[in-house]
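The values are calculated or read from the model by the stated rules, or taken from the named source; none is laboratory data. Note that the structure is predicted; figures quoted are calculated from it, not measured. Here the Cβ positions follow ideal geometry from the backbone for every residue, glycine too, while neighbour counts run over all protein chains shown.
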Amino acid sequence: MSLDVERSKGIPNLEPVFLESEFSRVEILFDAGRVQYRLWFLRDTVWICFDPSPSEIVTGSFFELRANGLAINEARDRVVIRGQTAYQSVTDSKLFYEWRLEVGLNTLGWIDFKLELQLPMAGRFNQHNGLEPALLFGLGSMPPYDRGHSFWARTLVLGYTRFDHTPNNDFPALYYRDPLRRARVLMFFDMAAMDWMGVDTMSRFRDYRMGLLESGGLEREQSLGLYGISRSGQTWSAGSSTIAYAIHLKDEPRQTNDREALEDLIASLGDRVKGTPDLEYGVTWAELAQGAARDLQDAACWSVTPQGQWLRPYVNDNSPVWAAVGAWEGKPNENLGGTPYMLWFQETVLAALEFGLRFTGLREQIQLTRDRVYASTLAYYGGVQDVFQGYMSSNMTDDAVRGTWQYVHSISTYWWAGRVLKLEDAMQKAELEVRRGLLPLLERHAFMPPITHSRLSLEKVGAAVGFSVLGLCADLFTRLAAHASGQDQKFWLELALRSIRTLARAPEYAVHQESNHLASAVFAISKLLELVEEARLELEGHAAYLTHQALRQFYWFEETTQVDNHPLVRIRGLSTCCTPMSYSAFWENISQALGFASAYARLAPNITMLRFLNVLREHAKASIPAAVKDSSFAHAFIPLEDLQLLEVSRDPSAGQEVYGAGHVFWAYALFEAFCRLESANAAVLLLCTNLLDTPELLEERRTFLIFNADNKAQVVGGQFEIPGFTSQRWKVYDSSQKTEIDLKGDQQFEFELRPDGWIKLEVRGGKA
Amino acid sequence: VSSEFELRGSGQRLIFEASPHGGYGYALEFLGANGWQRVSSDNPLVRGLSFNLRPNNIKLTQDVLEFSGETSVLGTTGSSLALPYAGRVWLDTVSGWFQVEVRVHPDQDVSLQMNGGFEPEITVDLGALPPYDRGDHVWFKTSIDNPTKWNDEARGNDFPALYYFDSYQRFELMMFFDMTAMNWMGRQNIARFLNYQCGFRRRYKPTPFHELGLHANGFSGTTFPAGEQVFAYSIKLRAQPDAPTEAQALCELTSECLKLVPSSADFSSFPEGSSSWQDFAHACAEELMDAQCWGSNETYSDYILNYVNGYSPAWAEAFEGKNLSIDFKSQPCLDSAAFIAFPLTILNVVRHEPGYAALLERLRGFIGAILNSSDNPYTSHTGITGTWQHLYILEQLWMTAHLHQDGATLEMIGQEVENRIIPLAHQTAHLFPLSFDKASLRKHGNGDAYAVGGLYASFMFNLFRSTGKPEYLEEAKLSLIALLHLPVNSLSQEVFLLGMGLQAANLVYLETHELVFKEIYDYLLAQNLRMMYWYTDRTQAEYRDYNIYGMFQACTPIIYPAFFENIECLARIASTLETNAPSLGLLRVFDHARKNNFFMFPACLPANRHTSNLLHIPFENLGVLEDEKTGWIGQEIYGCGQVFQAHLMWEALAHAEDRAVMVLNVSNYKALELSDLERQQFTFIVFNPESEARRTRIRLVGLGASKVTIGSSLETLELAPPSDDGIEVALGAGEVLYLRVTPD
């Protein structure tokens, strides 16, 4: 036996090491030097071992860890173990890699596992016994009468979202409550640290799944965690790499439901979400908005034909991915901009520009662009009062397939624009379309809207349900309710309530599609709460639940694998475009922020969401080539639709979204347009919260939320600069005391905010 | 492409071509708008590092492609060994499916190579993933994967089939896997549905591609057994210009797979000791009076149990697992009484036997006692309850009370309906949770049981029939429409809830003539059949004592066939066949079930499986590979109502002298009051499942003076010659007659 092999066997007689928090402890075991662990949880005063069979740090023959030495810190909350493991190199030689395992407890009781490997040469992992590496916590033998009894009583929520059969690539965490042990386990997989994932190994959410894994022959056993169902490669690259995950274990005597599980999971992870951006781009949203206004006037953004002119969906109609789809379908020369691509594309830009024109200080910069978009839209549809005519069900002559959310969004945007522009006729048309088109569609499908439908017959086309569209519907119904009275108002409120209830009762794993829809749902609830007093408790529960559902669609990790994004692109804190599209997109990110910010005018904010929004505030700029100083784009202020992630990294890009360029103005309005902080502070989020609240806008009222995302207290000072507000009255709502203070004075403010503290300010304009 | 190794069906062809990997792989094409379009090529018959079976020798003989070949595998001893194989591929002209059968003959056990994936698998390679797979393709494909699953994670072990619609090339492709033939599956390799799934799969190595088939997500062992082993599956494809919804796709898939249901004459036979359903119902009623089925305590002088002797090893283990114990003998079981009393009430009217009357009286005595006590679950307003159990017991109590015109009980149930059940439906948007809090009507615990909507609709429709109040009809409609639109994989839980749903949909359709309810009927029938066992388990000797074909998975993911659910599903489906002509495949299912459900009784199983001397009280479960132990849950007293229901369905009112001929009562569940039974018209389907003609007499029992008509369809009924010896019928192989008995 060689010396190397001797070394790789490790030290056989190490005593177990215990690290202990107030409710759980991890026991590191050394079975003939082989490093394993067991977990314990505290019930009353008794420590209970979750399962006597130890679990591997990493499951897989390539990762057999035998300790050569260990060190424990004085606080006994961290242990470092080192060793060497023999492996087969890509040249088939037998080599050793050095490894360092750190197991530690954080302040919230998470047990962090971090394994660092140092390979002198790339290695080959054989995957003889299943796919590796897997990160599995052993649960021991299958529970008795598992599927007849234990099964119904357990609670399992897998973090990553799914659509139909397809997993997305978002929330890398899970919740499991074991009904026999009456304890719950949380797991979080640090995808940022595990940058080795890729086409040579395991392509993250392409190859991995989370959940319970049953294994073994006659001795059936269960384990919980991250496991592969396929592999992309089997080469572990040379150099250093990290495998990192965390487990949180706690006594849970009560049977939990999926809502509670999700809430627990997100609340427990809260502090793992850093609330400050990882970099700042050195450019303001105001500058980006002005640039977008200029770029939007360029011919690259316009289709000009004898039939009229309209915005192209993408700059120069250049969308490599749609071109590839066209080629695949045998239609390689399809001109995306040949006809107005979708009405909502035009409307969404128009709405943003209209807002910017009327309410922000960029009137001069926006005016020309807005006028052109406005005129072109009206011209195409035949006049000021007929913008919507071509879209109304009563004018449809063919049974073409239509996307449901796009349809609802279009009606909603049109109604909103009509409200802002005080075009009663437009509002009536939108309402008529709701009654004649949208409501029959919803009724026909029991308020479970299809993803696509035939626009005349209203039949579902193709697969799956778009539950999240109910968020848009509820939003629209509450707008209509707020504008109505008496029985009419009751009618709309009942529809909104039914939309929310159905969405809230949809399967926990099936509510995700377009990522901004859940924000619309929460916004709708915030308005419903004002109008439907008797369902307050229920609605507050739904708001919390749907917020947690929305948080699943955020990227809880930075993309660190080999993806061909610009080096300044940051993904963390952005939301996925749409489950399961697996990339982050600008329009959806800002729509999401807009929805939640608007909801928080009335609702108490979710702290995790605020942290994400603060990161998004800066990282969302990465979609705009000008922000990352990418000079390869002629129209550098029009956002890219897609920021790539590993799972879709081989797809062609979607293009620069002209339809999303309007959202640069919304971002400006959300984060900058009405208030200036005394000094730039990456840790302070300032949100204008009632941008979507038409009556308040028209009444010259603005509400703001200021949030301290830092882990230390901050003194936040600033000044309001609200165009058209000649005088101001403030009301201040303090998050901790929930008191209401009337302040009068100039436009300066200064508050001290504790970590995670927030404050709401209401500012009323008016004549001096 | 034309080839001598080609099979051609209606709009589809399967072609063997020389493979770059050596041997012949098969390609699939369909006849589209632009001629023959290829969807897949170079497929091995079986995939995996050890297999990848592409035969070297092929010949076409009388429309059958016969092939053979040999490959090299690793033995469990580490040495290389030859794996010869042979088989055939043909087009079944009756069903329109391509049939594939491969027989491999390893001399020794083979060591499977689970390296980078799992084997063996049977998949059809659809080539490169479309560009923008997740931004375009994902929205427009339609895919039905199986087996069923609950809560998006736990799969059952039911329907071995898949459907896929490709939105670019506009074709649909279906596959069915013959799990009866593939009996090599086990804990030593891949334990069938513990790891296998049928459906669509993306793969990313070497480049992104997609495939359809039987694929695994894990394994139990690495040994493929020596001796002759079979791989058998079916493929069908054709042009499909319109994107189907999943509901349409599932209907299409089950409809096509029903064409593959084997003749029960070839596949199932009455077990030894299965004299008749009449005998078993009679004996069951007698045994139900035995002390092993009853208990008493300070509150109740006489209460019925859930399991014979309260014996359920599975439940005992489950409670022990929680450091608890359970004594079912001390637990009065309202469920049992309610579930038995309803069908027994009907049977007691049509077949006057003292044993039935005595049992019914005893059951009703207990029901009355518990409903008048503080244990009445419907007068207590706190606690957590299982949704379907709460509602189903209530519905069964209502049915019995209504038959007997028991005003006090009906009043109590009416209160519960108005104050709790309908508000629960509204608060949950007719999307019912698995369990709920009785006080707040909020969901409790994890997961959902949306199919409760079927039970709710059935109950509401009967309330509508009884009261004429349109609001009940509206409730039934709302809950049925919700079932149509929920995600296709979210309905499977307790299986008979789907049966009740399809029955309700049929009744609502007949009442309203709104086509959507016909659509819902078809869809829920497909969902119900999706949870059927489309195979019998021959993987281990212990499972070969019985045949589970045509039984139903109790509940997704409770992965065993269960008697109560088997009959409740079939009886509900049967009640709709008077207005929905069944396919040959569906009739064969009923005939399999008519025979095979006797295996649920200890009387038809080997003595070493008996757990009491009550041999006519069925076991809750039969062991299958995924969940092994026959009878481990206990002998289900609560399921005995379904013994009477089976009798009512197959024999109690009419039967054939020749037992091979099935006489199916399709008029059950019609009576709401006992007096209705005297006025009721009964319709029967007479079916010859044999492969040869039969001549026999149909005996009618307990139907009084009546007019009898008979014909090949309900539209062509003619008066049958009256005879005391029954009605003589002659049926060709697979032929169906309708027989109707109308009171004078």
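Step by step: first the residues of region B:343-384, then only those that are under 26 Å from B:K443 (Cβ atoms) and under 32 Å from the mean Cα position of the chain (by Cα), then the one that is surrounded by the fewest Cβ atoms within 10 Å (Cβ to Cβ). Which residue is that?
Per the stated criteria, the residue is B:I384.
So, in region B:299-310, how many residues would count as being away from chain A (no Cβ under 14 Å) and under 31 Å from the mean Cα position of the chain (by Cα)?
The qualifying residues number 5.
Residue by residue through region B:487-530, note down the ones that are within 14 Å of chain A (Cβ to nearest Cβ) and either part of a loop (DSSP other than H, G, I, E, B) or touching a strand residue (DSSP E or B) at 6+ places or on another chain (Cβ under 7 Å) (or both).
B:P487, B:V488, B:N489, B:S490, B:L491, B:S492, B:Q493, B:E494, B:V495, B:E514
Any chance you could count how many residues in region A:650-665 are within 14 Å of chain B (Cβ to nearest Cβ), farther than 30 Å from A:D200 by Cα and not in a strand (DSSP E or B)?
0
Being within 18 Å of B:I340 (Cβ to Cβ) and buried (at least 19 other Cβ atoms within 10 Å of the Cβ) narrows it down to one of B:T428, B:T409, B:T387, so name that one.
Exactly one residue qualifies, and that residue is B:T409.
Does A:G130 satisfy the condition of being among the small types (G, A, S), within 28 Å of A:S232 (Cα to Cα) and under 34 Å from the mean Cα position of the chain (by Cα)?
For A:G130, the condition - among the small types (G, A, S), within 28 Å of A:S232 (Cα to Cα) and under 34 Å from the mean Cα position of the chain (by Cα) - is met.
Please work out if B:Q645 is closer than 30 Å to B:D406 by Cβ and surrounded by 20 or more Cβ atoms within 10 Å (Cβ to Cβ).
Yes: the conditions hold for B:Q645.
So the check is Cβ under 7 Å with 6+ separation or different chains; which pairs have a first residue in region B:51-74 that's under 18 Å from B:A226 (Cβ atoms) and in contact (Cβ under 8 Å) with a residue 12 or more places away in the chain and a second one that's of a type in the set (A, V, I, L, M, F, W, C) and surrounded by fewer than 19 Cβ atoms within 10 Å (Cβ to Cβ)?
Here the result reads B:E70/B:A82; B:V73/B:L81, each pair linking region B:51-74 to a residue that is of a type in the set (A, V, I, L, M, F, W, C) and surrounded by fewer than 19 Cβ atoms within 10 Å (Cβ to Cβ).
Residues checked against (1) of a type outside the set (S, T, Y); (2) farther than 30 Å from B:S466 by Cβ; (3) surrounded by fewer than 19 Cβ atoms within 10 Å (Cβ to Cβ):
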residue: B:H655; (1), (2), (3): yes, yes, no
residue: B:M662; (1), (2), (3): yes, yes, no
residue: B:R679; (1), (2), (3): yes, no, yes
residue: B:I685; (1), (2), (3): yes, no, no
residue: B:G704; (1), (2), (3): yes, no, yes
residue: B:Y738; (1), (2), (3): no, no, no
residue: B:V741; (1), (2), (3): yes, no, no
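What about A:Y668, is it of a type in the set (S, T, Y), outside any loop (DSSP other than H, G, I, E, B) and over 19 Å from A:Y583 (Cα atoms)?
Spelling it out, A:Y668 is indeed of a type in the set (S, T, Y), outside any loop (DSSP other than H, G, I, E, B) and over 19 Å from A:Y583 (Cα atoms).
Here is a yes/no grid of residues against (1) among the small types (G, A, S); (2) touching a residue at least 24 places away in the same chain (Cβ under 8 Å); (3) surrounded by fewer than 24 Cβ atoms within 10 Å (Cβ to Cβ); (4) closer than 30 Å to A:E260 by Cα:
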position	(1), (2), (3), (4)
A:F554	no, yes, no, yes
A:L568	no, yes, yes, no
A:R572	no, yes, yes, yes
A:S575	yes, yes, no, yes
A:C578	no, yes, no, yes
A:F586	no, yes, no, no
A:L594	no, yes, no, yes
A:P639	no, yes, no, no
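Checking the condition among the hydrophobic types (A, V, I, L, M, F, W, C), touching a strand residue (DSSP E or B) at 6+ places or on another chain (Cβ under 6 Å) and on the phi < 0 side of the Ramachandran plot, which residue from B:I421, B:I384, B:I370 passes?
B:I384
Kindly provide the set of residues from region A:635-647 that are modelled with pLDDT of 95 or more, in a loop (DSSP other than H, G, I, E, B) and not charged (D, E, K, R), ordered by number.
Once the filter is applied, which keeps residues that are modelled with pLDDT of 95 or more, in a loop (DSSP other than H, G, I, E, B) and not charged (D, E, K, R), region A:635-647 yields A:H635, A:A636, A:F637, A:I638, A:P639.
Got at least one residue in region B:716-735 being in contact with a helix residue (DSSP H, G or I) (Cβ under 8 Å, 6 or more places away or on another chain) and surrounded by 15 or more Cβ atoms within 10 Å (Cβ to Cβ)?
Yes, region B:716-735 has at least one match.
So which residues in region A:576-609 are within 14 Å of another protein chain (Cβ to nearest Cβ) and within 16 Å of A:L640 (Cβ to Cβ)?
Hits for region A:576-609 are A:T576, A:C577, A:C578, A:M581, A:S582, A:Y583, A:S584, A:A585, A:W587, A:E588.
I need the full set of residues from region A:682-731 which are surrounded by fewer than 17 Cβ atoms within 10 Å (Cβ to Cβ) and farther than 30 Å from A:L421 by Cα, in order please.
A:N711, A:K712, A:A713, A:V715, A:G717 - these are the residues of region A:682-731 that are surrounded by fewer than 17 Cβ atoms within 10 Å (Cβ to Cβ) and farther than 30 Å from A:L421 by Cα.
Of the residues A:W310, A:W344, which single one is modelled with pLDDT under 90, in contact with a strand residue (DSSP E or B) (Cβ under 8 Å, 6 or more places away or on another chain) and surrounded by 22 or more Cβ atoms within 10 Å (Cβ to Cβ)?
Only one candidate qualifies: A:W310.
Could you check region B:39-109 for strands (runs of 3 or more DSSP E) lying wholly inside it with 1 or more residues that are touching a Lys or Arg at 6+ places or on another chain (Cβ under 8 Å) and either among the hydrophobic types (A, V, I, L, M, F, W, C) or at pLDDT 95 or above (or both)?
B:64-74, B:80-92, B:97-104
Does any residue of region A:759-766 turn out to be in contact with a Gly (Cβ under 8 Å, 6 or more places away or on another chain) and at pLDDT below 85?
Yes, the conditions are met somewhere in region A:759-766.
Can you tell me which residue within region B:416-435, out of those that are more than 10 Å from every other protein chain (Cβ to nearest Cβ) and in contact (Cβ under 8 Å) with a residue 12 or more places away in the chain, is nearest to A:A446 (Cα to Cα)?
Here the residue is B:A425.
I need a count of the residues in region A:86-120 that are in a strand (DSSP E or B) and among the small types (G, A, S).
Final tally of qualifying residues: 3.
Given the conditions (1) free of Cβ contacts under 8 Å to residues at least 60 places away in the same chain; (2) out of contact with any strand residue (DSSP E or B) (no Cβ under 7 Å at 6 or more places or on another chain), and given that B:L455 satisfies all but one, which numbered condition is not satisfied?
Answer for B:L455: the failing condition is (1).
Name the residue that is farthest from B:E626 (Cα to Cα), counting only residues in region A:126-152 that are within 7 Å of chain B (Cβ to nearest Cβ) and part of a helix (DSSP H, G or I).
So, considering only residues that are within 7 Å of chain B (Cβ to nearest Cβ) and part of a helix (DSSP H, G or I), the one farthest from B:E626 (Cα to Cα) is A:W152.
So B:A439 ticks every box in (1) more than 12 Å from chain A (Cβ to nearest Cβ); (2) among the hydrophobic types (A, V, I, L, M, F, W, C); (3) out of contact with any helix residue (DSSP H, G or I) (no Cβ under 6 Å at 6 or more places or on another chain); (4) surrounded by 20 or more Cβ atoms within 10 Å (Cβ to Cβ) but one. Which box is left unticked?
Unmet for B:A439, out of (1) more than 12 Å from chain A (Cβ to nearest Cβ); (2) among the hydrophobic types (A, V, I, L, M, F, W, C); (3) out of contact with any helix residue (DSSP H, G or I) (no Cβ under 6 Å at 6 or more places or on another chain); (4) surrounded by 20 or more Cβ atoms within 10 Å (Cβ to Cβ): (4).
So which residues in region B:313-332 are assigned to a helix (DSSP H, G or I), away from chain A (no Cβ under 13 Å), under 32 Å from the mean Cα position of the chain (by Cα) and surrounded by fewer than 17 Cβ atoms within 10 Å (Cβ to Cβ), if there are any at all?
Listed by number, the list holds a single entry, B:K329.
In region A:79-119, how many are within 37 Å of the chain's Cα centre (by Cα) and either of a type in the set (A, V, I, L, M) or farther than 20 Å from A:L135 by Cα (or both)?
Of the residues in region A:79-119, 12 are within 37 Å of the chain's Cα centre (by Cα) and either of a type in the set (A, V, I, L, M) or farther than 20 Å from A:L135 by Cα (or both).
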